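Student: First the structure, which I've put down as structure tokens, then a few questions once you've had a look.
Every number here is computed from the coordinates shown, using simple stated rules; none is lab data. In this text, all values refer to a predicted model and were calculated from it rather than measured experimentally. Here the Cβ positions follow ideal geometry from the backbone for every residue, glycine too, while neighbour counts run over all protein chains shown.
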């Protein structure tokens with residue numbers, strides 16, 4: 001069970017997707033470049049079966065900004081894009097209205 005202190009350790013921020021490319025070694029992964037306002041990050045996200053690249057560009061999303069980098073199928077991911085899933089697929093978590101990039105999600 002996670003405590004509220006565990007949750008507070010996560011840095012959830014609003015970012016905007018700037019670039020999306022297919023992962024060269026995985027059919028279900030995209031390599032996504034996001035702008036957090038003061039920096040950009042590269043994320044690897046398992047959303048390829050559910051989104052076209054062109055539909056993602058400019059979309060605001062919620063990311064975990066303070067995860068240790070991880071290498072997924074040979075490509076470094078510097079955070080995590082948040083999404084929900086059910087039996088019909090995956091949906092990216094996105095703010096209801098445009099927010100300043102880097103805004104804290106709490």
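Student: If I build a Gaussian network model for the chain, linking alpha-carbon pairs within less than 10 angstrom, which residue out of 18, 39, 59 has the largest mean-square fluctuation?
Tutor: Comparing 18, 39, 59 in the GNM, the peak value goes to 39.
Student: On to the next question. Among 19, 11, 54, which one moves the most in a GNM of the chain with springs linking Cα atoms closer than 10 Å?
Tutor: Of the options given, 54 has the highest mean-square fluctuation.
Student: Something else now. Can you tell me how much longer the chain between residue 85 and residue 53 gets when fully stretched, taken as 0.36 nm per residue apart minus their C-alpha distance, in nm with one decimal?
Tutor: Values: separation 32, 0.36 × 32 = 11.52 nm, distance 1.90 nm.
Between residue 85 and residue 53, full extension yields 9.6 nm more.
Student: List 7, 50 from most exposed to least, where exposure is judged by having the fewest other Cβ atoms within 10 Å.
Tutor: Working: 7 10, 50 15.
So the residues, fewest neighbours to most, are 7, 50.
Student: While we're on this one: Neighbouring Cβ atoms within 10 Å as the yardstick, rank 3, 33 fewest first.
Tutor: Working: 3 8, 33 17.
Sorted ascending by nearby Cβ count, the order is 3, 33.
Student: When 90, 31 are ordered from fewest to most other Cβ atoms inside 10 Å of their Cβ, what list results?
Tutor: In order of increasing Cβ crowding within 10 Å: 90, 31.
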